[in-house]
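The values are calculated or read from the model by the stated rules, or taken from the named source; none is laboratory data. All of these numbers come straight from a predicted model, not from anything done at the bench. Don't worry about glycine lacking a Cβ; one is built from the backbone with ideal geometry, like all the others, and counts go over all protein chains shown. Note: accessible area is taken over every heavy atom of the protein model, side chains too, but ligands, DNA and RNA are not part of it. Shrake-Rupley method; radii C 1.70, N 1.55, O 1.52, S 1.80 Å.
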Amino acid sequence: MTLSKFIGLSLVLAFVTSPIRATFKEEIDTSGIDFVHFNGMSGQFYFHEMMGGGVALFDYDNDGDLDAYFSQGNMIDNISIDKAIFKPTAKQLLGDRLYRNDSHGKTIKFTDVTQQAKIKAMGYGMGVTTGDIDNDGDVDIYLSNYGNNQLLQNNGDGTFTDITQTSKTNDPNWSVTATFLDYDKDGYLDLYVVNYVDYSTSNPIVCKSYDGAKDYCSPQGFKATNDSLFHNNGDGRFTNITSKSGIIKEREPGLGVVTADFNKDAYVDLYVANDGRPNILWLNNRQGGFINKAMTSGVAVNMSGMPEASMGVDAADFDNDGDVDLFMTHLNRQTNTLYINNGKAWFSDAGIRMGVSSSSFKYTGFGTKWFDFNNDGYLDLFSANGAVIKESKQITSPFPLKQSNQLWKNLGNSKYQEVSSLQDPSFLTPGVSRGAAFGDIDNDGDIDILVGNNAGKPQLLINNNTEQNNWLGLHLVRNDLHREDLGARIETSVDNRKIDRYVKRDGSYASSHDSRVLIGLGKLNDKNKVKIKIFWSDGTSQTLTYVKINTYQTITREDK
Amino acid sequence: MKKLLILTLIIAFNPQVFAITEIPLPDMSNADTNIVKRHDELIASFKQVKDKKEGIQLGTVYGELGMFYQAHEFTNAAQVCYKNAIEVSPFDYRWKYLLAFIQASLGLFDEAKSLYESVLKINADYLPAKIRWAKIELDTGNFSQARKLYQEVLEIAPDFSKALVGLGTLSLQENQPKKAIEYLEQAQKLQPSANQLNFLLSQAYAALGQDQKAQDYLKNKGNRTVIMFDKILQEMRLYSVSASYYAQAAINAFLNKDFPLSEQLVNHSIELDPKNANPKFTLMNIYLSTDRTEKAIELAKSLLKDNQNDDRIPYSLGLINEINGNDKEAILWYQKTLTINKTHKTAQKTAQIALANALMRTKQFNEALKILRESQVVDSQNPYTYFSEASILSYLKVCDKAIDKYMQAIKKHSGENLTYLVGFVKTVAMCDVKDDIINSNALNAAKNMYLYSPTFEVVQAFAMLEASLGHKTEAVDYQAQAIFQALTQGASKQLMAALKADMQSYEKGGKATQAIKPFDLDINPKRANSINN
């Protein structure tokens, strides 16, 4: 916009009052969460220092509200904590933290229960994955670390037990994220671990920025490592089937993963976002393995045929046409990618026409998700941003990577509009954001966001949506499995508009989400006529009419 | 209030008004000594000119300083320099163009667009500005404006493939795959080896439900066979029936390698306007491309009689002699080119490069380097001069400087130039570089080249690099592929022996045994970088 036009527009706007609808407000300081991420940076610019920050929202104690888990960094290789640039405060304990949600009404309150829960996670944390691996009705945790990973089994009494050794689920590579999925439909959640690069501080590569000063490396200087697939044997043990399943055939620097049935054959598939390399679309071959079809499906690289950074990823049916689409965040000077599925697992890059590309140009995006923040029935988008290359305007800071996050509203006409600046000013506080977990923390019927910031406090973005739209809150449980049915699909329609939503915990970056499905219903002309159809992961379906709205309810497979 | 109003009015009519700002000199304490030295030279010449306050000269030194900063990613300093250059020399569109480039790369799209617009107000035919502006409009979803700009480009240059690609991409975004295919297939005829087009075409065919065709395009790594352009006659309808119409049509046909048609058209043009020298240059090019060198020389000499001050003629004679391997004769003609018209920078630049190449081939490396460095002062954005300098330095095993020059050439070249990248990768391999960022850049370059265009040169370079990094298994694997390619393409015994010698070395964990040769300018199919070079 030229200056003259700007002056003219300013004059017009000065005489027009437009309401600002701030929806998200940052409330970490009053929440009781005193976690501060520690990345252990000591001036050596070790690569892993700037990558951590995974978070999770899940109900660990089955009391009906979402608790919060934060993965933490550490000093490594016996480097003294005295050498840390951001020294931990006396209160700031190292090791991962679990906070119990003790909120009442609109008062958000969390309590640190890490010790009580007997969680001892002192590795260099990257990502958090949640799921019920033993079908006992409570949610377990898998921790992806730089170094050995951990599987923490929920004992059902508020405590956890580290069963990494006995379960044989360790992966000593640099793991960033993971996901649970039942790829072989035997009823048990298997485990897919995403590994990054072969990096070691014992023989570090020294990287430099444009001005010749030391800087963090990019992944291109390192060999990528294979992802791993572990089959859940159902007896507390897993078997590494990376080779047998075909996963070993690709070796790329993975950062993000999301599961969905992309080709609608009723078997769960995987999409892996790789950093600066072609992404992978693992299509389930229904015989215990996977085949990479990313290139021929149009999702390996962007429209220009170039691989992109690909950190955060999510999958959802954002256009409600019955198939699952993909969204990814990248480095600055690349733009977010939105792949639309044509129904046959062929995707086209439509980010530009959707309006989510150019606004991301200046930002490096990590955690991301499709979610309906205002319950109008359309899936909106969020990106947790934080640079990996020095921001020139922060050059005097010891960690000059801060950026503000972004929110895009789905306008309902195949277009998005960025509405970040319409939020409470606290939304725009810059941080080195990495993970982002989504869920209704205060159970008021709208989705809140927990953002993990590297070397800083997290952000707790509470949704104060004032549009007063209706909603549907569902917790889908397979009674035969005693757990939520990951991958189940819910179909409903709102004012003749079809809506499809899925039960999932994965997507984003190194983070895990509330598995309850919250469907926005908009204003809804007839509140008594909400009908849903559930497609369970075992292939059965169930139709429910006169479903209660504006409340959460659990539906088990037998319910009618 | 009155002053504010006047200022507002001034600003309103002069959107790009920048006050002179002091340059924020970047911290060079960690920079390479060569870069620091070059910076000092530029600052010194800037200080010399600064006080003279001569607009154009001051603008040039600001601009050149800006280009240096831009090349080394000191963005803040580059922005200030360009703004100052614009302030003192507002009609030199280069600085607006380069500033627009930076602003676009920072996501300041409105500013970038405004700058491109003002470039075009000064030079309406400067297509790079128009094409970049169009790309911004496309990337920001302003499709109607993007379309308008791309179409304007095609009106001036109907075979500007980037505009066709832009329109194709736009059509895809607007869910018009059939239209997209029309544009993209046209572009592909002009750039048959462009992989981006394969991806875009695969998207378009997929959108039409033609999945098999879509997949075929994805598998197509870029067929280098030239598809004969058979729509030349349709294009001719766009031009009025005059000598220039035939001349333009002849150029189109030449670019599409339809030499008989091109010759027919250009002769018609010459018939209509015998005094115009321009079509005769086209004819000379046709003679050269069809191995009628003697006729080309005869034509050039006849032109020389009546056009003593036209530097293109001695340049052409230099070129012809170079093609024929008469480097000494070529050098003389290039030197003559440079004496004719010192202010014509384009001719000076191309003659400099050609002279440098000739000097290089006759192993007069110091002379060649001198010419190349002079050329860089004239045009610091031409990647080829840096590439040529790099290849000489590489041959002379001046490793640090060679690598620096390759990286500059690669940065300055828009898009990817495989020759530069192969040269860079091979040099890094041969020089046993300890700098990990350079090694990682080279590895990344090799991997990307391999992914999109695994030619013999690329695979061989990749093997050399892997060997130098101690990746024995990978080196052996890629070298095996290189040997296979060499065999299927009929390589000489000498080359096969060299490849096998390298393989034996890699199998023992060693490095490449071959020396690097300087790279030639591909000006003659005979001299092209064939597998036996």
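Looking only at residues in region B:445-495 that are farther than 23 Å from residue A:276 by Cβ and charged (D, E, K, R), which one is nearest to the other protein chains (Cβ to nearest Cβ)?
Going through the qualifying residues, I end up with B:472.
Might you let me know whether region A:208-220 holds any residue that is at pLDDT 90 or above, open to solvent by less than 20 Å² (accessible area, probe 1.4 Å), under 27 Å from the mean Cα position of the chain (by Cα) and not hydrophobic (A, V, I, L, M, F, W, C)?
no
Here's the yes/no breakdown for (1) among the charged types (D, E, K, R); (2) in contact (Cβ under 8 Å) with a residue 24 or more places away in the chain:
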{"position": "A:390", "(1), (2)": "yes, yes"}
{"position": "A:398", "(1), (2)": "no, yes"}
{"position": "A:401", "(1), (2)": "no, yes"}
{"position": "A:406", "(1), (2)": "no, yes"}
{"position": "A:410", "(1), (2)": "no, yes"}
{"position": "A:413", "(1), (2)": "no, no"}
{"position": "A:418", "(1), (2)": "yes, yes"}
{"position": "A:421", "(1), (2)": "no, no"}
{"position": "A:424", "(1), (2)": "yes, yes"}
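Conditions first: (1) of a type outside the set (D, E, K, R); (2) surrounded by 20 or more Cβ atoms within 10 Å (Cβ to Cβ); (3) within 14 Å of another protein chain (Cβ to nearest Cβ). Residue B:93 passes all but one, so which condition is the exception?
(3)
From the list B:129, B:124, exactly one residue is touching a Leu at 6+ places or on another chain (Cβ under 6 Å) and aliphatic (A, V, I, L, M). Which is it?
From the options B:129, B:124, the qualifying one is B:129.
Here is a check on your reading of the model: is residue A:126 open to solvent by less than 10 Å² (accessible area, probe 1.4 Å), in contact with a Gly (Cβ under 7 Å, 6 or more places away or on another chain) and more than 14 Å from every other protein chain (Cβ to nearest Cβ)?
yes
Return yes or no: is residue A:251 within 13 Å of another protein chain (Cβ to nearest Cβ), open to solvent by 10 Å² or more (accessible area, probe 1.4 Å) and either over 25 Å from the mean Cα position of the chain (by Cα) or in contact (Cβ under 8 Å) with a residue 24 or more places away in the chain (or both)?
For residue A:251, the condition - within 13 Å of another protein chain (Cβ to nearest Cβ), open to solvent by 10 Å² or more (accessible area, probe 1.4 Å) and either over 25 Å from the mean Cα position of the chain (by Cα) or in contact (Cβ under 8 Å) with a residue 24 or more places away in the chain (or both) - is met.
Within region A:317-351, take every residue that is touching a residue at least 40 places away in the same chain (Cβ under 8 Å), open to solvent by 10 Å² or more (accessible area, probe 1.4 Å) and not in a loop (DSSP other than H, G, I, E, B) and give me the one that is nearest to the other protein chains (Cβ to nearest Cβ).
Within region A:317-351, the match that is nearest to the other protein chains (Cβ to nearest Cβ) is A:348.
Can you report the number of residues in region A:42-51 which are open to solvent by 10 Å² or more (accessible area, probe 1.4 Å) and either closer than 26 Å to residue A:116 by Cβ or not polar (S, T, N, Q) (or both)?
3
Name every residue in region A:26-41 that is surrounded by fewer than 16 Cβ atoms within 10 Å (Cβ to Cβ) and closer than 26 Å to residue A:312 by Cβ, in order of residue number.
Listed by number, the list holds a single entry, A:29.
Going by what's in this entry, would residue B:334 be described as in contact (Cβ under 8 Å) with a residue 24 or more places away in the chain, open to solvent by 30 Å² or more (accessible area, probe 1.4 Å) and of a type in the set (Ser, Thr, Tyr)?
no
Let's see how each residue does on (1) in a helix (DSSP H, G or I); (2) at pLDDT below 85:
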| residue | (1), (2) |
| --- | --- |
| B:315 | yes, yes |
| B:330 | yes, yes |
| B:339 | yes, yes |
| B:348 | yes, yes |
| B:367 | yes, no |
| B:381 | no, yes |
| B:402 | yes, no |
| B:422 | yes, no |
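Any idea which of A:54, A:64, A:73 is surrounded by fewer than 17 Cβ atoms within 10 Å (Cβ to Cβ) and either over 13 Å from residue A:114 (Cβ atoms) or in contact with a Cys (Cβ under 7 Å, 6 or more places away or on another chain) (or both)?
A:64
Could you list all residues from region A:138-193 that are among the β-branched types (Val, Ile, Thr), part of a strand (DSSP E or B) and over 18 Å from residue A:504 (Cβ atoms)?
A:161, A:176
One line per residue, one yes/no per condition, for (1) β-branched (Val, Ile, Thr); (2) surrounded by fewer than 17 Cβ atoms within 10 Å (Cβ to Cβ); (3) closer than 29 Å to residue B:70 by Cα; (4) more than 20 Å from the chain's Cα centre (by Cα):
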| residue | (1), (2), (3), (4) |
| --- | --- |
| B:431 | no, no, yes, yes |
| B:462 | no, no, no, yes |
| B:467 | no, no, no, yes |
| B:484 | no, yes, no, yes |
| B:492 | no, yes, no, yes |
| B:497 | no, yes, no, yes |
| B:506 | no, no, no, yes |
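If I ask for residues that are away from chain A (no Cβ under 13 Å) and surrounded by fewer than 23 Cβ atoms within 10 Å (Cβ to Cβ), which ones from region B:106-120 would you list?
B:120 - this is the single residue of region B:106-120 that is away from chain A (no Cβ under 13 Å) and surrounded by fewer than 23 Cβ atoms within 10 Å (Cβ to Cβ).
For region A:269-289, does any single residue satisfy the condition of being of a type in the set (Phe, Trp, Tyr), surrounded by fewer than 24 Cβ atoms within 10 Å (Cβ to Cβ) and not in a helix (DSSP H, G or I)?
No, that holds for no residue.
Quick check on my filter: what residues within region B:27-70 are modelled with pLDDT of 85 or more and within 14 Å of chain A (Cβ to nearest Cβ)?
B:39, B:68, B:69, B:70, listed by residue number.
Condition check: assigned to a loop (DSSP other than H, G, I, E, B) and either of a type in the set (Lys, Arg) or surrounded by 22 or more Cβ atoms within 10 Å (Cβ to Cβ) (or both). Does residue B:275 satisfy that?
yes
So for region A:179-190 (the condition being at pLDDT 95 or above and under 29 Å from residue B:441 (Cβ atoms)), does at least one residue qualify?
no
Select, from B:299, B:265, B:304, B:317, the only residue that is of a type in the set (A, V, I, L, M) and within 25 Å of residue B:160 (Cα to Cα).
Among B:299, B:265, B:304, B:317, only B:265 is of a type in the set (A, V, I, L, M) and within 25 Å of residue B:160 (Cα to Cα).
At pLDDT 90 or above and either under 22 Å from residue A:479 (Cα atoms) or surrounded by fewer than 17 Cβ atoms within 10 Å (Cβ to Cβ) (or both), is that true of residue A:552?
The answer is yes for residue A:552.
Got a sec? Which of B:139, B:216 is surrounded by fewer than 17 Cβ atoms within 10 Å (Cβ to Cβ) and within 13 Å of chain A (Cβ to nearest Cβ)?
The unique qualifying residue is B:216.
Would you point out the residue of region A:177-207, among those that are farther than 21 Å from residue A:249 by Cα and touching an Asp or Glu at 6+ places or on another chain (Cβ under 6 Å), that is most open to solvent (accessible area, probe 1.4 Å)?
Across region A:177-207, the extreme among qualifying residues is A:206.
Is it true that some residue in region B:154-169 is within 24 Å of residue A:415 (Cα to Cα) and of a type in the set (S, T, N, Q)?
Yes, because at least one residue in region B:154-169 is within 24 Å of residue A:415 (Cα to Cα) and of a type in the set (S, T, N, Q).
Pick out the one residue from B:196, B:186, B:151 that is within 11 Å of chain A (Cβ to nearest Cβ) and part of a helix (DSSP H, G or I).
Going through B:196, B:186, B:151 in turn, the sole match is B:196.
Among the residues that make up region A:82-97, is at least one of them in a strand (DSSP E or B) and either surrounded by 19 or more Cβ atoms within 10 Å (Cβ to Cβ) or at pLDDT below 95 (or both)?
yes
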